[in-house]
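Since the structure comes first, as structure tokens, the remarks are kept for the end.
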Amino acid sequence: MKKLFALFLSLLLCLPLAACGSASDAEDAVTLQVCEVTHSVFYAPFYAAMELGYFADEGIEIELTNGGGADKVMTAVLTGQAQVGLAGPEAAIYVYKEGREDYPMVFGQLTKRDGSFLVGRANVPFDWEMLRGSHIIGGRKGGVPEMTLEYVLRQNGIIPHEDANVDTSVQFNMMAGAFTGGTGDYVALFEPTATEVVQAGKGYILTSIGQESGEIPYTAFFAAKSYMEANPDIIQRFTNAMARAQAWVQNSSAADIAKAIAPQFPDSDLDVLTTVTQRHKDIDAWNTTPVMQQEAFERLETVMETAGELDGWVPFEKLVDNSFAEKAGK
């Protein structure tokens, strides 16, 4: 993994997805390029902040791009294509371990557990022993979704690559297509893709991987250390908007959240969005504030270490700056 991000530095990544939010009339209004790991209802509080005007109230206009993977999001941040990245903190850990001077720092957490669901081909009562000897499409090697899946398998007595074939050869955005095309016995999918596969009669949601793994800082916002040092006011305003949205989501129904974020998913039925949103609320997927807890961060490093992707922990205080989140909470 040590050469992972260097491999991508010369690539032009993060294709534009949409320009969202409305510009503030304030003289200090800014436009931020934000690159997300994928476009999913899993990130509902972020989209709510955009659609409800919370970023606009802070004088921020968001230009959102879809990286299609944490490695590509990090490349966008490191090359200046995006000022803010939304992906798993493992991406920042890898870069820090490379010894880069201007490494990315996490300033806000969005989700607190794995948001993927295990999808199988048969609608049967689920037991982890069913996966013994099976072929599971798990995602990119070294990514948090794949590492968390392996962690959960081990927790349930299934040794990855020995007791089950965890396939890491399929690109993140191709996993559903590979499964519906006949590859594998099981696949770990995010929403609304998982529900769409079910509706198409191509699979069944069996269990939440996040409920099994426990709390980890699954998705977070980060920026280059130099950008944060040069633009603390912008980072604070961004975090203020997110804190406000996280509080709103906690106190809102799945139906109201779905209505708010519906413009972000023009091809998805509102009933589907509501079902998916409720599923995320049921597993307690979202942080109540942008503050990242050290215990959760260290659990993530345990997951990475168990997967053989981390040799030596990165100190929490080196990579996480909670000062913006704590101020936003006040």
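Among the conditions (1) among the polar types (S, T, N, Q); (2) in the same structural domain as Val291 (by TED's automatic domain parsing); (3) under 14 Å from the mean Cα position of the chain (by Cα), Thr79 misses just one, which is (3). Being touching a residue at least 40 places away in the same chain (Cβ under 8 Å), crowded, with 17+ Cβ neighbours inside 10 Å, touching a Lys or Arg at 6+ places or on another chain (Cβ under 9 Å) and hydroxyl-bearing (Ser, Thr, Tyr): is that true of Thr239 here? Criteria met by Thr239. Within the range 118-142, the residues that satisfy the criterion of being of a type outside the set (A, V, I, L, M, F, W, C) and crowded, with 24+ Cβ neighbours inside 10 Å are Gly138, Gly139. Taken together, the residues in the range 278-301 that are under 15 Å from the mean Cα position of the chain (by Cα), over 14 Å from Ala220 (Cβ atoms) and assigned to a helix (DSSP H, G or I) amount to 1. Could you list, ordered by first residue, the pairs with Cβ atoms under 9 Å in which the first is in the range 120-139 and not assigned by TED's automatic domain parsing to the domain that holds Ala178 and the second is modelled with pLDDT under 95 and part of a helix (DSSP H, G or I), at least 6 apart or interchain? Within 9 Å, no pair qualifies. For Met175, the conditions (1) part of a helix (DSSP H, G or I); (2) within 18 Å of Thr111 (Cα to Cα) all hold with the exception of (2).
Taking the range 94-119 as the range and being more than 17 Å from Met147 (Cβ to Cβ), in contact (Cβ under 8 Å) with a residue 60 or more places away in the chain and in a loop (DSSP other than H, G, I, E, B) as the test, the residues that pass are Glu98, Asp102, Tyr103.
The values are calculated or read from the model by the stated rules, or taken from the named source; none is laboratory data. Please read all numbers here as calculations on a predicted model, not as lab measurements. Reconstructed Cβ throughout: ideal geometry from the backbone, glycine too, with neighbour counts over all protein chains shown.
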